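Single-structure report; data block below.
The values are calculated or read from the model by the stated rules, or taken from the named source; none is laboratory data. Source: prediction; values computed, not measured. A quick note on method: Cβ atoms are made from the backbone with ideal geometry, for glycine too, and the neighbour counts reach across all protein chains shown. Surface accessibility is based on the protein's heavy atoms, side chains included, excluding ligands, DNA and RNA. Shrake-Rupley method; radii C 1.70, N 1.55, O 1.52, S 1.80 Å.
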Amino acid sequence: MLADDPLGATRESPEDLTPYLAAYSRLASDPHQRLVVAERAGKVVGTLQLTLVPGLSRRAATRSLIEGVRVHADERGSGLGSLLIEWAVETSSTEGCQLVQLTSDASREDAHRFYERLGFVASHVGFKRQL
């Protein structure tokens, strides 16, 4: 699912799972990471990564970061994406987070509308630098 869209197709390489398996190993051993997989009839239909980030700003608030949200093409429009995000927000609250944040590529206008519908606000300008 990571490679199943125009952006993902240019940056993911599912032919070689070695880096993904190594990353999974690191994530699975980190208590600040939550990896979620949604299944239907034994088939993976959705996923996201939730990272808990302790911080000093905002009166030493812990925030969470939602990453890698993907819903299988056959499941889009079914409400699964909303359930995944609602789970992430609820889990963040339970873990004591004061803020839930995510980024979305500027070209993903449908995703932006989806996140806004779920109560997220495009409040910041994000910057990235490739290494």
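Kindly evaluate residue 100 against the criterion of being modelled with pLDDT of 95 or more, open to solvent by 60 Å² or more (accessible area, probe 1.4 Å) and either β-branched (Val, Ile, Thr) or in contact with a Gly (Cβ under 8 Å, 6 or more places away or on another chain) (or both). The answer is no for residue 100.
Tell me the residue from 22, 9, 28, 60 that is small (Gly, Ala, Ser), at positive phi and open to solvent by 30 Å² or more (accessible area, probe 1.4 Å), please.
Details: 22 fails: at positive phi; 9 fails: at positive phi; 28 fails: at positive phi.
Selected residue: 60, the only one of 22, 9, 28, 60 that is small (Gly, Ala, Ser), at positive phi and open to solvent by 30 Å² or more (accessible area, probe 1.4 Å).
Scanning the stretch 107-121 for residues that are farther than 23 Å from residue 38 by Cα, open to solvent by less than 90 Å² (accessible area, probe 1.4 Å) and without any contact (Cβ under 8 Å) to a residue 60 or more places away in the chain yields no hits at all. Residue count for the stretch 57-106 satisfying the condition of being in contact with a helix residue (DSSP H, G or I) (Cβ under 6 Å, 6 or more places away or on another chain), in contact (Cβ under 8 Å) with a residue 24 or more places away in the chain and either hydroxyl-bearing (Ser, Thr, Tyr) or under 30 Å from residue 41 (Cα atoms) (or both): 3.
Of everything in the stretch 83-107 that's outside any helix (DSSP H, G or I) and of a type in the set (Val, Ile, Thr), which residue is farthest from the chain's Cα centre (by Cα)? Working first, answer last.
Keep residues of the stretch 83-107 that are outside any helix (DSSP H, G or I), which gives 95-107.
Filter once more, keeping what is of a type in the set (Val, Ile, Thr): 100, 103.
Details: 100: 11, 103: 9 Å.
Only one residue tops the list, namely 100.
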